[in-house]
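The values are calculated or read from the model by the stated rules, or taken from the named source; none is laboratory data. As the structure is a computational prediction, the values presented were derived from the model and not from experiment. Glycine gets a Cβ as well: all are built from the backbone with ideal geometry, and neighbour counts include every protein chain shown.
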Amino acid sequence: MIEKYVRFLDTVYLACIWIAGVSIIVMSLIIPWGVIARYVLGAGSSWPEPLAILCMVVFTFIGAAASYRAGAHIAVTMFTDRVPASWRTPLRWLVDILMALMALFVMFYGTQLVIGTWNQAVGEFPALSVGVTYLPLPVGSFLTLLFVIEKMIAGPQAGRAVVTFDHDQTNVVADLKGEI
């Protein structure tokens, strides 16, 4: 059962990577268009900035979920690296629990934000609901929660082939075990 869950999250992880990647590419293409339209063509477009912001929100929240699973999410380990080894496992559990609580918090209030702004239109895109632009918050937090649960029941997955497709897996696994 756990292996099926982990394999399912392999697919979710790849979808997160693709969505975040497409978002950053789209953002990287439309920002120069906004500059060219304004300074070269002399007629600024109103849509590049809000679309770039939307892409950045998608990239941030969906990409953060993927980076959490890959063990590449920002972490401050100054304290945990200096405690006795016997304390590290309970501290890792505490961090996972706090991470799950944070994901639940953002999911709940992000959903409230989506619901509260659903009937408002984005000025530059009248057919687009403001609530849709906030969807990456609860969705990304839900995905992060799935990855936190996975880490708690199956351990860190940063050494899986789907995550380390361009890295030396032996070093990743050794690093996860604290041997590097």
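Checking each residue in region 112-164 for being basic (Lys, Arg) and either touching a helix residue (DSSP H, G or I) at 6+ places or on another chain (Cβ under 6 Å) or assigned to a helix (DSSP H, G or I) (or both) picks out only 151. Scanning region 39-65 for residues being farther than 19 Å from residue 125 by Cβ and either in a helix (DSSP H, G or I) or hydrophobic (A, V, I, L, M, F, W, C) (or both) gives a total of 9. For region 133-164, how many residues meet the condition of being loosely packed, with under 15 Cβ neighbours inside 10 Å and over 16 Å from residue 66 (Cβ atoms)? Selection size over region 133-164: 4.
Candidates in region 97-129 are the residues that are within 16 Å of the chain's Cα centre (by Cα) and surrounded by 13 or more Cβ atoms within 10 Å (Cβ to Cβ); of these, the one that is nearest to residue 53 (Cα to Cα) is 110. Residues in region 57-96 that are modelled with pLDDT of 85 or more and within 11 Å of the chain's Cα centre (by Cα): 14 in all. All of (1) touching a residue at least 24 places away in the same chain (Cβ under 8 Å); (2) in a helix (DSSP H, G or I); (3) among the hydroxyl-bearing types (Ser, Thr, Tyr); (4) over 18 Å from residue 13 (Cβ atoms) hold for residue 68 with one exception: (4). Which residues, taken from region 33-55, are at pLDDT 85 or above, out of contact with any Asp or Glu (no Cβ under 6 Å at 6 or more places or on another chain) and either surrounded by 15 or more Cβ atoms within 10 Å (Cβ to Cβ) or acidic (Asp, Glu) (or both)? 33, 34, 37, 48, 49, 51, 52, 54, 55, listed by residue number.
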